[in-house]
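Notes follow the structure.
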Amino acid sequence: MRIEEAKYIKVILDRLTRQQTSPCINLGSSTDTFRKVKKPHINEFLIQPLLERKVHVVHVDQKLDLGVDIAGNIFDQSIQNQLRILSPKLLLCCNMFEHIVERRRLASVIDSILEPEGYLVISVPFSYPLHFDPIDTYFRPTPSDVAQLFPNFECVHKTVVKSTTYFQDIITSSKLKPELFKLLKRLVTLLYPFFKRGEWKRRHHRLLWLFKKYEVTIVLLRKVK
């Protein structure tokens, strides 16, 4: 998740009351360390403000680790049943759809979990390099593309948020020298596209955003059926 993405979602959620957002399921949450150490802006702008409003947040991920309340595959019926029992009013699904092949199936599962009149926040990269976790289907939808996956929902808000460039990330990094070395290595090996072609594409795709801003699709939907 990008910092600008987290900040924008916070603005969206600030417009909703506690009654409209609790309980909240954070689907594809990753671990406590990821949210607080590796990507601290997730906790700062997304999770902590909800907790301060006494919103009950349940973190759901495939990884069984610290900070994951319910661990398992979202397509597992037993996991779905555990989530339905919570009667969630808000579901966050951030940067997950690009890693799922069966997108319509995921959308259907989300629909079945969320309470009527409940709110759904979806974020998906719009202009962004390949990032495997463990796969990247290169799903880069417009807000309307995302909304079409949820026929039982109305679109409350949709936008594409601009973030930084790859170069800006490097020069503002706390690990400037290692990041500059990584960039230099990428530029040198760019000259050898036929060596391990699949790996070459994965490593060098980010260079297309060296001076072009990353962009993220964000949609707020409300279940009406």
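Here, each number is a calculation from the coordinates, and none is a lab measurement. Just so we're clear, the structure is a prediction, and the values are computed from it rather than from any experiment. For neighbour counting, all protein chains shown are included, and Cβ atoms are generated from backbone atoms with ideal geometry for every residue, glycine included.
Mind putting a number on the dipole of the chain about its Cα centre? Charges go on the C-beta only, +1 for Lys and Arg and -1 for Asp and Glu, and I need it in Debye to the nearest 20.
Details: 36 positive and 23 negative charges, 161 e Å.
Rounded to the nearest 20 debye, it is 780 debye.
Fully extended, how many nm does the chain gain between THR165 and ILE135 (0.36 nm per residue separation, minus their Cα-Cα distance)?
Answer, rounded to one decimal: 8.5 nm.
Evaluate the charge dipole of region 1-83 about its Cα centre and quote only its size in Debye, nearest 20, assuming +1 on the Cβ of each Lys and Arg and -1 on the Cβ of each Asp and Glu.
280 debye
So who's got an amide H within less than 5 Å of the one on VAL58, skipping anything under 5 residues away but keeping other chains? H placed 1.01 Å off N, in plane.
CYS24, ILE25, ASN26
Explain nothing, just the number: relative contact order of the chain, from Cα pairs under 8 Å at least 6 residues apart, as a whole percent.
Relative contact order of the chain: 22 percent.
I want the local charge near GLN19. Using Cβ-Cβ distances under 12 Å, sum +1 for each Lys or Arg and -1 for each Asp or Glu among the other residues.
Numbers: positive: ARG18, ARG53, LYS54, LYS89; negative: GLU115, GLU117.
My count for the surroundings of GLN19 gives +2.
Along the charge dipole of the chain, Cβ charges K/R +1 and D/E -1, which of LEU149, PHE126, ILE70 sits furthest on the positive end?
My answer, from the dipole projection, is PHE126.
With Cβ to Cβ distances under 10 Å as the rule, what net charge do the other residues near GLU154 carry (K, R +1; D, E -1)?
Details: positive: ARG222, LYS223, LYS225; negative: none.
The answer is +3.
Normalise the Cα radius of gyration of the chain by 2.2 N^0.38 Å (N = residues in it) and let me know the number.
Values: Rg = 18.3 Å, N = 225, 2.2 N^0.38 = 17.2 Å.
Dividing the Cα Rg of the chain by 2.2 N^0.38 Å gives 1.06.
Show me, for region 137-147, the HN-Hα J-couplings you get by feeding each phi into the Karplus relation (A = 6.51, B = -1.76, C = 1.60, θ = phi - 60°), rounded to Hz, glycine and proline as x.
Going residue by residue, I get 7, 6, 6, 10, x, 7, x, 5, 4, 5, 4 Hz, with x marking Gly and Pro.
Using DSSP to call loops (not H, G, I, E or B), can you name the GluC sites (Glu not before Pro) in region 6-106 whose Cβ has at most 13 other Cβ atoms within 10 angstrom?
On the way: sites: GLU44, GLU52, GLU98, GLU102; in loops: GLU102.
Taking region 6-106 and a limit of 13 other Cβ atoms within 10 Å, the loop GluC sites (Glu not before Pro) found are GLU102.
Which cross-chain or sequence-distant (5 or more) residues have an amide H under 5 Å from the amide H of HIS157, H modelled 1.01 Å from N in plane?
LEU220
What is region 32-92's relative contact order, in percent, from Cα pairs under 8 angstrom and six or more apart in sequence?
So the answer I get is 19 percent.
How do SER22, SER112, SER78, SER29 line up, fewest other C-beta atoms within 10 Å first?
Neighbour counts put them in this order, fewest first: SER78, SER112, SER22, SER29.
What's the extension gain from ASN81 to LYS38 if we count 0.36 nm per residue and subtract their Cα-Cα distance?
Taking ASN81 through LYS38 to full extension adds about 12.4 nm, to one decimal.
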